[in-house]
Each structure stands twice: as C-alpha cells, then as structure tokens.
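Structure first, then comments.
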Amino acid sequence: MEAAAKVKSIFVYPIKSCRGISVSQQAPLTPTGFRWDRQWMVINNNGRAYTQRNEPKLALVETELPNEAFLEGWEPTGRSFMVIRAPGMQALKISLSKPRDIADGVSVWEWCGSALAEGAEASNWFTNYLGKPSRLVRYNAESETRPVDPKYAAGEKIMFSDCYPFMLLSQGSLDALNKLLKEPIPINRFRPNILVDGCEPFSEDLWMGIRINNCTFQGVKLCDRCKVPTINQDTGVAGPEPSETLRQIRSDKVLRPNQKQQGKNLVWKDNLSNGKVLKLGDPVFVMRKVNSAAEAAA
C-alpha cells in the first residue's frame, strides 16, 4: 500500500491554551493523547478553566520540557522541570514530579472533578500575568476519568483537551486556505497535534482509519471550529480570519448545515497501553475512508 502522506510535525501542548512544543524527533503515545499533552491547565477562583477564548494572553505563554521527556519510557526525577515563560515575567519552573496537594471542584467544559494543585508560586505567577486570581493544576489520572463523547468514541478518555485525544491536519489544507486569505496564517492558529504533508487539501476529512508507525488511529469526528484560530498566537489579538473564509469554503452551505470544521479528531485504537511513539517522517497509510465530508461524523 502506498502512503497517503507523511508526518511533518508533531505538537504537544502541556498547558491547555498555552503555546505548544514542536517536538524535534518523536512523541510517546498514551491512550489520552501524546504524553504531556494538556496535562495542566490554568483555572480561576471558582476552579473553572481559562482558555484563549476568554484569556487570549495565554497564547503568549511558552512551555519548555526537557528533551528527554519525549523519549520512550523516560520518567522524571526530582530535578526534572517544565519551564514556563511569558512577556514581562520571570521564568517559572514546575517540577515534573506530581504534586501532593489536591484542588477540588475543578471544571473544564462538561467535566468536573479534582486535580493536583501546583502550589502558591505557580498561582502567584499566573495571577500576576493574567491580572486576576488564577491557579495552575495538573490532571490526576490516578483518581479521575474524563470520557469523550460516547456518541463518537465510546470508552475513550482524555485529560484537559477540549474533546478528543488527537487532532490531525494536513499542510495541503493549510496551503489551500492561505491561498484565499489576504494574509497567510501559520499552523499554530489551528493547534493540531499531528501535521501531515503530501496529501490533497482536506483529504484528511475523509480518513476514518489510518496507520502510522504500526499504530492504528480512528477518525471519529470532524473538528468543530471555535474562536481560537482567529487569535494571532504571536500577539494574543483576535481578528475576523480565518473564520470568515472558512465559512465560505468549508462549512454551512458548502459541506453540511450548521457545522464548521478544519481538521480531524482521532483516537488511538491499538493495544491501549503506553510504549509506542510517533516520529517525524513516519508514513501515513489510509486504511479506511468515506467518499465525502458529508459522510464523515461531525
């Protein structure tokens, strides 16, 4: 079978709605997404998640993990840290060893539960940066379960991602969109986990089953588009594009009524244990697809 595309980039977003990390070689897989992806999030005084939708300044928060954090089987030591940076702020170091304190009443979208609290220093840092009471929390996989919508992927789970473990997008789709925009936009506007190259624009919408590095993924739902792609990830300022153009070419009257999509949500369907990685350059084989985006779940 001929490969339909290859993996061009892999992105991991340790803190929900903050900047992602473009990995240099590979990223370990877990059933809830790439390791480290959306393990942390920033919450308000009531425990509710902040996102770029209501706090676009989060787009300017950078995260850095040790290079070895993306090696298969690596475990952090007491000297392993995530480093957080933002304009006008001193760098903040967060231990990758799990904290002991618990934050109850933490919520993101429909889910509510407890999380691990990262402590006063992190709370003060985000409070000062956002100008309002804030805390940094970490998903507690030992005590909590956050299922995805069973209508699309029964039995699958995530951490602090919006809806699904992985989101895939093609370079061809981005290129086709940029040809229609007055000012081209970079891939970071769409915040995918996997960027592939070599396929026709928007062909990923049709992929229902794909295989990458002996790992099988199921395409479970087209990605509903929200406000975030309109936010410039270098400035934190929102504008009308690319939503206005996408409405004309990829949504509503064009593909299906009242749906907006750009990208494909995936779940990992192999043996659901840790111990596999995706690598840059991996070929992407399409095992199953539908004939049109109108046939894909959305």
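Using a/c under 1.5 as the rounded threshold, could you call the range 51-111 rounded, prolate or oblate? The axes a ≥ b ≥ c are square roots of the C-alpha gyration tensor eigenvalues, and prolate needs a/b larger than b/c, oblate otherwise. Before the final figure, lay out the partial values.
Numbers: a/c = 1.85, a/b = 1.26, b/c = 1.48.
Cα axes put the range 51-111 in the oblate bin.
If you line up the Cα atoms of the range 105-248 on their principal axes, what length do they span on each, largest first, in Å?
Reported extents, whole Å, longest axis first: 48, 37, 27.
For a quick check, take a GNM of the chain with Cα springs below 10 Å and name the residue from Ser123, Ser95, Ser143 with the largest mean-square fluctuation.
Greatest mean-square fluctuation among the candidates belongs to Ser143.
Provide the per residue accessible area, probe 1.4 Å, for the range 1-151, rounded to a whole number of square angstrom. The partial results should precede the final answer.
On the way: 7100 Å² over 151 residues.
So the range 1-151 comes to 47 Å² accessible per residue, rounded to a whole number.
On the accessible surface of the range 49-139, probed at 1.4 Å, how many percent belong to carbon and sulfur atoms? Can you show the working numbers first?
Working: 2190 of 4530 Å².
It is 48 percent, rounded to a whole number.
Over the chain, with a Gaussian network built from C-alpha contacts below 10 Å, which listed residue (Arg225, Arg288, Arg138) shows the highest mean-square fluctuation?
Result: Arg288 has the largest fluctuation of those listed.
Give the residue list of GluC sites (Glu not before Pro) in the range 80-147 that are DSSP loop and have at most 11 other beta-carbon atoms within 10 angstrom. Could the numbers behind the result be given before it?
Numbers: sites: Glu110, Glu118, Glu121, Glu142, Glu144; in loops: Glu110, Glu118, Glu142, Glu144.
Passing both the DSSP loop test and the Cβ count: Glu110, Glu142.
Given only helices, namely DSSP H runs of n ≥ 4 each adding -39500 (n - 2.57), what is the per-residue ellipticity at 222 nm of the chain, to the nearest 500 deg cm²/dmol?
That comes out to -2500 deg cm²/dmol.
Percentage of Cα-Cα pair distances in the range 98-146 greater than 12 Å, rounded to whole percent? Don't skip to the end; give the middle numbers.
On the way: 734 of 1176 pairs.
For the range 98-146, the share of Cα pairs beyond 12 Å comes to 62 percent.
How high is the relative contact order of the chain? Use alpha-carbon pairs under 8 Å, at least six apart in sequence, and give a whole percent.
Reported relative contact order: 24 percent.
Determine the shape class of the range 40-160: with a ≥ b ≥ c the square roots of the Cα gyration tensor eigenvalues, call it rounded for a/c under 1.5, and otherwise prolate if a/b is greater than b/c, oblate otherwise. Please list the in-between numbers first.
Values: a/c = 1.61, a/b = 1.15, b/c = 1.41.
Here the range 40-160 falls in the oblate category.
Cα gyration tensor of the chain, axes a ≥ b ≥ c as square roots of the eigenvalues: rounded (a/c below 1.5), prolate (a/b > b/c) or oblate?
The shape class here is prolate.
Any chance you could give the angle, 0 to 90 degrees and rounded to 10, that helix 120-130 forms with the longest Cα principal axis of the chain?
The helix 120-130 is inclined about 60 degrees to the chain.
Relative contact order of the range 77-199: what whole-number percent is it, with Cα pairs under 8 angstrom and at least 6 residues apart?
About 14 percent, as a whole number.
Let me have the relative contact order for the range 1-75, percent, based on Cα pairs under 8 Å that are six or more residues apart.
33 percent
List every residue whose amide H lies under 5 Å from the amide H of Ser134, counting only residues 5 or more places away in sequence or on a different chain, with H placed 1.01 Å from N in the peptide plane.
Amide H neighbours of Ser134, under 5 Å, 5+ apart: Thr127.
The values are calculated or read from the model by the stated rules, or taken from the named source; none is laboratory data. All of these numbers come straight from a predicted model, not from anything done at the bench. Don't worry about glycine lacking a Cβ; one is built from the backbone with ideal geometry, like all the others, and counts go over all protein chains shown. Accessible surface areas use protein heavy atoms only, side chains included; no ligands, DNA or RNA. Shrake-Rupley method; radii C 1.70, N 1.55, O 1.52, S 1.80 Å.
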